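**Q** Handing you a structure now.
Every read-out reported here was derived from the displayed coordinates using simple, explicitly stated rules and does not represent laboratory data. Here the structure is a predicted model, which means the values were calculated and not measured. Please note: Cβ atoms are built from the backbone with ideal geometry, for glycine as well, and neighbour counts cover all protein chains shown.
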Amino acid sequence: MNNKVTYKLGNHNDKDVIFISFPFTAELNTWVRSLVGIRWSKTHKSWYVFDNQSYRIQFGLPTLPIVGKEALSHIDEVNRSAMEKYIETLQLKAYSLSTINTYRNEFGQLLQTLKSHAVDSLDADKLRSYFLYCVNTLELSENTLHSRINAVKFYFEQVLGRDKIFIDIPRPKKPSILPKVISTRDIKKLFEVTTNLKHHVMLKLCYGMGLRVSEIVNLKITDIDSGNMQVLIEQAKGKKDRYVNLPESILEQLRAYYKEYKPQKYLFEGQYGDKYSVRSAQQVFKNAMRKAKINKEIGIHGLRHSFATHLLEGGTDIRFIQELLGHNDLKTTLRYTHVSEKSIKKIKSPLDTLD
């Protein structure tokens, strides 16, 4: 029966999915409706399920790479101690949990590929061949390949102390991607359609202070200094503290929110008193975008990009914006000069200057 069915990997509403197509018969229609989590997409006019390992195996599709704790059981015994030393070194260097997970998963992919071949025996030529395999066979994106090279490089340089092994291994050129920005008109629409007080305050603070989603969910009540109209962003990306300005326009609403929700530790708390999850905050933004009918492929991080761009358009010095965003390198902040509408619109075409 399933040889009449075709499967296609894709993305729908920012989630990886498997689209399912088949010629209509009563038998196939009954079968597809029996799949757990099956949904219909009006946009794609197709049935789909969320992409996972179980459905890939069932549909005969290429399986997903094994990551996380499960990946450790797929590493040959000859390389188990390498992984243990690897994780210990990351922990001793006080890397963040997210970085440890990323590095562990990327390094684990190399160890799984090696099987019973000892990772310590690899030289620069063999590593070069492995990264070519990642490009040509696995077809990794430039960003993923950078992550994998960094993870493997960490093992050989930081764990084994081989400083020069990566000198002759070239890096892929990173794509130059401009920040995605929401116009001030659409930002207003976004706030207008968000009627839930908690969600409203959350989105306003994300935009009004230029915060990353991880920073908004980690905000504590004690971080807010309404007397000085400042907010402490504690141990953000790069384990750096910084202060940002609390928007005056939100102060009364913030006080009303505090009285109604009575958060204990974190400014935004979940159902059981723990901090609000990143995923829930992302969903709040996504729902607001849909209600506001803003058809733009952009995530909640777009509010931070918009904050920086709108400050630049308002005449704020780029170095102050760098400090507010917590960027180490001014080059990172200078990206916003390429998306500032007012800056671009000031430039006149040579056609307009002809007599």
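**Q** Apply the a/c threshold of 1.5 to the C-alpha gyration tensor of the range 184-344 and tell me whether it is rounded, prolate or oblate.
**A** Working: a/c = 1.69, a/b = 1.23, b/c = 1.37.
Oblate, because a/c is 1.5 or more while a/b does not exceed b/c.
**Q** How big is the dipole moment of the chain about its Cα centre under a simple scheme where the beta carbon of each Lys and Arg is +1, that of each Asp and Glu is -1, and everything else is neutral? Debye, nearest 20, please. Display every interim value, and only then the final one.
**A** Values: 54 positive and 38 negative charges, 194 e Å.
Using only the charged Cβ atoms, the result is roughly 920 debye.
**Q** Name the residue, out of L267, L324, L28, whose mean-square fluctuation peaks in a Gaussian network model built on the chain with Cα pairs under 10 Å.
**A** L28
**Q** Within the set K188/K286; K189/K331; K198/K240, which residue pairs have Cα atoms separated by over 23 Å? Before the final figure, lay out the partial values.
**A** Numbers: K188/K286 15 Å; K189/K331 31 Å; K198/K240 27 Å.
Going by Cα-Cα distance, K189/K331; K198/K240 fall outside the 23 Å limit.
**Q** Please list, in order along the range 135-141, the HN-Hα scalar couplings obtained from phi with the Karplus expression 6.51 cos²θ - 1.76 cosθ + 1.60 (θ = phi - 60°), rounded to whole Hz, x for Gly and Pro.
**A** Per-residue couplings from phi come out as 6, 7, 9, 7, 6, 5, 5 Hz.
**Q** Hey, what did the range 2-59 get for relative contact order, percent, Cα under 8 Å, at least 6 apart?
**A** On the way: 63 pairs, mean separation 18.2, N = 58.
So the answer I get is 31 percent.
**Q** How much FRET efficiency would the formula 1/(1 + (r/R0)^6) give for R255 and E27, where r is the Cβ-Cβ distance and R0 is 45 Å, rounded to 0.05? Walk me through the numbers before you get to the answer.
**A** Values: r = 61 Å, r/R0 = 1.36.
The computed FRET efficiency comes out at 0.15.
**Q** Assuming 0.36 nm per residue, please report the length gained on full extension of the stretch Q58 to T195 beyond their Cα-Cα distance. Walk me through the numbers on the way to the answer.
**A** Details: separation 137, 0.36 × 137 = 49.32 nm, distance 4.25 nm.
Contour length minus Cα-Cα distance gives 45.1 nm.
**Q** Something else about it: Jot down the radius of gyration and Dmax of the range 69-159, Cα atoms only, both in angstrom.
**A** Gyration radius and largest Cα-Cα distance of the range 69-159: 12.4, 35 Å.
**Q** Using a Gaussian network for the chain with springs between C-alpha atoms less than 10 Å apart, which of these wobbles most: H305, H200, H44?
**A** Residue with maximal mean-square fluctuation among H305, H200, H44: H44.
**Q** Got a sec to turn the phi values of the range 179-186 into Karplus ³J(HN,Hα) couplings, 6.51 cos²θ - 1.76 cosθ + 1.60 with θ = phi - 60°, whole Hz, x for Gly and Pro?
**A** Per residue, the Karplus-derived 3J(HN,Hα) values read x, 8, 10, 9, 5, 4, 4, 6 Hz.
**Q** Name the long-range amide H neighbours of E269: under 5 Å, sequence gap of 5 or more, or other chain; modelled H, no Pro or chain starts.
**A** Those qualifying (amide H under 5 Å, at least 5 residues apart or on another chain) are Y276.
**Q** Compare the Cα positions of Q58, Y133, N228 along the charge dipole of the chain (+1 at Cβ of Lys, Arg; -1 at Cβ of Asp, Glu; about the Cα centre) and return the one farthest towards the positive end.
**A** Result: Q58.
**Q** Right, here's the next one. PRE reach from K188 (point 7 Å along Cα→Cβ): which of the range 290-324 fall under 18 Å by backbone N?
**A** Counting only backbone N, you get 292-295, 306-307, 310-311, 313-314.
**Q** Would you kindly state how much longer the chain becomes between E139 and K237 on full extension, computed as 0.36 nm times their sequence separation minus their alpha carbon distance, in nm to one decimal? Show your work: numbers first, answer last.
**A** Values: separation 98, 0.36 × 98 = 35.28 nm, distance 2.89 nm.
Here the answer is 32.4 nm.
**Q** What length, rounded to one decimal in nm, is gained on full extension from E248 through to K180, with 0.36 nm per residue of separation minus their alpha-carbon distance?
**A** Gain in length upon complete extension: 21.9 nm.
**Q** Give the long-range amide H neighbours of H12: residues separated by 5 or more places, or on another chain, with amide H under 5 Å away, using H modelled in the peptide plane at 1.01 Å from N.
**A** Close amide H contacts, sequence-distant or interchain: V17.
**Q** I'd like the distance between the alpha-carbon centres of the range 118-167 and the range 276-340, rounded to an integer number of Å.
**A** Distance between centres, Cα-based: 33 Å.
**Q** Test of understanding: in a Gaussian network model of the chain with alpha carbons linked when under 10 Å, which of G299, G227, G315 would top the mean-square fluctuation ranking?
**A** It is G227.
**Q** A follow-up question, please. Taking only DSSP H segments of four or more residues, each worth -39500 (n - 2.57), what value at 222 nm results for the chain once the sum is divided by all its residues, to the nearest 500 deg cm²/dmol? It would help to have the intermediate numbers written out before the result.
**A** On the way: 16 runs with 160 residues, N = 355.
Taking each H run of at least 4 residues, the total per residue is -13000 deg cm²/dmol.
**Q** Using Cα positions and a limit of under 14 Å, work out the aspartates and glutamates in reach of K296, with same-chain residues fewer than 8 apart set aside.
**A** D14, D186
**Q** Using θ = phi - 60° and the Karplus relation 6.51 cos²θ - 1.76 cosθ + 1.60, list the HN-Hα couplings for the range 146-156 in order, rounded to whole Hz, with x at every Gly or Pro.
**A** These are the phi-based 3J(HN,Hα) values: 4, 4, 5, 4, 4, 5, 5, 4, 4, 5, 6 Hz.
**Q** Taking amide H positions as placed 1.01 Å from N in the peptide plane, with prolines and chain starts having none, which residues 5 or more places from S46, or on another chain, fall under 5 Å of its amide H?
**A** It is S41, by chain and number.
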